[in-house]
1. Residue by residue through the stretch B:14-31, which ³J(HN,Hα) values in whole Hz follow from phi under the Karplus form 6.51 cos²θ - 1.76 cosθ + 1.60 (θ = phi - 60°), with glycine and proline marked x?
2. Arrange B:MET76, A:MET107, A:MET5 by Cβ neighbour counts within 10 Å, fewest through most, would you?
3. Enumerate the calculated ³J(HN,Hα) couplings along the stretch A:29-36 in order (Karplus 6.51 cos²θ - 1.76 cosθ + 1.60, θ = phi - 60°), each rounded to whole Hz, writing x wherever the residue is Gly or Pro.
4. Using the Cβ atoms and a cut-off under 13 Å, what net charge is assigned to the surroundings of B:ASP85, where Lys and Arg are +1 and Asp and Glu are -1?
5. Give the average, rounded to an integer, of partner chain Cβ atoms located within 10 angstrom of each Cβ in A:32-45.
6. What are the ³J(HN,Hα) values, in whole Hz, obtained from phi via the Karplus relation 6.51 cos²θ - 1.76 cosθ + 1.60 with θ = phi - 60°, for each residue of the stretch A:74-82 in sequence order, with x given for Gly and Pro?
7. For chain A, rounded, prolate or oblate, judged on the Cα gyration tensor with a ≥ b ≥ c (square roots of eigenvalues), a/c < 1.5 rounded, else prolate if a/b > b/c?
8. Neighbour counts of other C-beta atoms within 10 Å: give me A:TYR22, B:TYR49 arranged from fewest to most.
Amino acid sequence: GQQVMQIPQYQHVQEGEDFTTYCNSSTTLSNIQWYKQRPGGHPVFLIQLVKSGEVKKQKRLTFQFGEAKKNSSLHITATQTTDVGTYFCAGPANSGYSTLTFGKGTMLLVSP
Amino acid sequence: KAGVTQTPRYLIKTRGQQVTLSCSPISGHRSVSWYQQTPGQGLQFLFEYFSETQRNKGNFPGRFSGRQFSNSRSEMNVSTLELGDSALYLCASSHGRSSGANVLTFGAGSRLTVL
């Protein structure tokens, strides 16, 4: 079945360092979404990428969608303690409708 | 506008019991999806309801069921609880109009502990 894989599973950085998480799908995606879940919280939508090779920025966060629309990345420049959380990528499930297949997420810890 | 509301937020049950969780979506959203989140398995899709009809179902046993009411509120039920059902159950609402492109708004979740 469809799989969405993320690496790394976990990363611990010092405040001010950069961070990148990678997402790979076993199938071509029509779009990819990124969510953030703070510790003890729930996933919150960050962004959706639709076009091949698309790059979008949100302040210190840069999101990319691969040319083949099977991979994506999230890069955070100069991390802050507020960036702590788990970042999930998600793509439309083969079964369609509103169903998303989520990666297992990358947990980011930031030490001050 | 109000977000997605889930109740109860926390509950403890014993093996063999059953549980019902409730979800009120964002006003105007007709799609409600349920996900189970565990440390080992991540976010796993349970089912999706749209206009009172289940239109998608994940790979969970029949002990997991749900329904949606005419006001789009949804409930999920787990019968004959097992220890492995301990998890955070997340409800997410969306417009549900665009297949594959709907953005999900999650509720705070219902944390179920089975003893």
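The numbers here are math on the coordinates, done by the rules we state, and not lab data. Keep in mind that what you see is a predicted model, and the values were worked out from it rather than measured. With ideal geometry, Cβ positions are generated from the backbone for all residues, glycine too; neighbour counts draw on all protein chains shown.
1. 10, 3, x, 6, 10, 9, 10, 10, 10, 9, 10, x, 4, 4, x, 7, 9, 9
2. With the fewest neighbours first, B:MET76, A:MET107, A:MET5 line up as A:MET5, A:MET107, B:MET76.
3. Taking θ as phi minus 60°, the curve returns 10, 6, 6, 9, 10, 10, 10, 10 Hz for the stretch A:29-36.
4. Around B:ASP85, the surrounding residues sum to +3.
5. Working: counts 0, 4, 0, 5, 0, 6, 0, 0, 4, 3, 13, 9, 3, 6.
Going residue by residue through A:32-45 and averaging, the value is 4.
6. Coupling constants for the stretch A:74-82: 10, 10, 10, 8, 6, 4, 10, 4, 6 Hz.
7. Because a/c hits 1.5 or more and a/b exceeds b/c, chain A counts as prolate.
8. Details: A:TYR22 18, B:TYR49 27.
Exposure proxy ranking, most exposed first: A:TYR22, B:TYR49.
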